[in-house]
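Student: The structure that follows is given in the form of structure tokens.
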């Protein structure tokens with residue numbers, strides 16, 4: 001009887017561990033590294049919460065008191081040195097470039113970063129047209145870019161946000 005009890009306890013504990021890990025929402029992270037000649041760096045987290053993704057981005061080394069464009073780009077490749085290997089904005093739904101609150105926007109259009117006097121900025125936003133889970137709007141394997149200039153939310157397809165100061169690859173985790 002004792003070996004059977006031990007097997008039952010082990011099975012229950014294993015099931016409990018599996019349940020605990022599957023309850024955690026899907027997450028992704030990106031480590032932003034400076035492009036050549038820049039000092040901007042930071043980190044980002046993406047967490048699936050129902051049908052939205054909670055995005056938190058913290059960046060340092062920005063021009064103080066200035067806005068900087070922030071976008072998810074098509075490709076998670078920062079090898080070019082200038083961030084251009086990340087290609088254009090992530091746009092799986094074929095929408096025009098626009099602001100975060102607009103229904104007509106790229107999946108990769110995020111709110112601009114607003115640097116404080118120390119050159120630090122944080123964006124925290126819930127985004128409705130991206131996912132951390134598999135599918136055409138998944139951000140996994142995409143690039144995250146911090147731009148030198150503010151996004152004007154009008155110029156197609158880039159928002160006229162200028163050079164790429166930092167680049168990161170969005171990875172599961």
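The values are calculated or read from the model by the stated rules, or taken from the named source; none is laboratory data. In this text the structure is predicted, and so the values were computed from the model without any measurement. All Cβ positions, glycine included, derive from the backbone under ideal geometry; neighbour counts span all protein chains shown.
Student: Identify the residue in segment 48-62 that is assigned to a loop (DSSP other than H, G, I, E, B) and in contact with a strand residue (DSSP E or B) (Cβ under 9 Å, 6 or more places away or on another chain) and, among all such residues, is surrounded by the most Cβ atoms within 10 Å (Cβ to Cβ). Walk me through it before giving the result.
Tutor: First, the residues of segment 48-62 that are assigned to a loop (DSSP other than H, G, I, E, B): 50-51, 61-62.
Of the ones still in play, those that are also in contact with a strand residue (DSSP E or B) (Cβ under 9 Å, 6 or more places away or on another chain) are 51, 61-62.
Values: 51: 9, 61: 18, 62: 26.
The qualifying residue surrounded by the most Cβ atoms within 10 Å (Cβ to Cβ) is 62.
Student: Could you list, in sequence order, all residues of segment 42-80 that are touching a helix residue (DSSP H, G or I) at 6+ places or on another chain (Cβ under 8 Å) and closer than 21 Å to residue 26 by Cα?
Tutor: 73, 74, 75, 76
Student: Does at least one position in segment 82-97 carry a residue that is within 23 Å of residue 27 (Cβ to Cβ) and in contact with a helix residue (DSSP H, G or I) (Cβ under 8 Å, 6 or more places away or on another chain)?
Tutor: No, there is no match, as no residue in segment 82-97 is within 23 Å of residue 27 (Cβ to Cβ) and in contact with a helix residue (DSSP H, G or I) (Cβ under 8 Å, 6 or more places away or on another chain).
Student: Can I ask one more? What number of residues in segment 11-47 are modelled with pLDDT of 50 or more and either exposed (fewer than 11 other Cβ atoms within 10 Å of the Cβ) or more than 22 Å from residue 135 (Cβ to Cβ) (or both)? So that I can check it myself, show each step before the final result.
Tutor: Residues of segment 11-47 that are modelled with pLDDT of 50 or more, as a first pass: 11, 13-17, 21-47.
Okay, now just the ones that are also either exposed (fewer than 11 other Cβ atoms within 10 Å of the Cβ) or more than 22 Å from residue 135 (Cβ to Cβ) (or both), so 11, 13-17, 21-24, 31-43.
Qualifying residue count for the region: 23.
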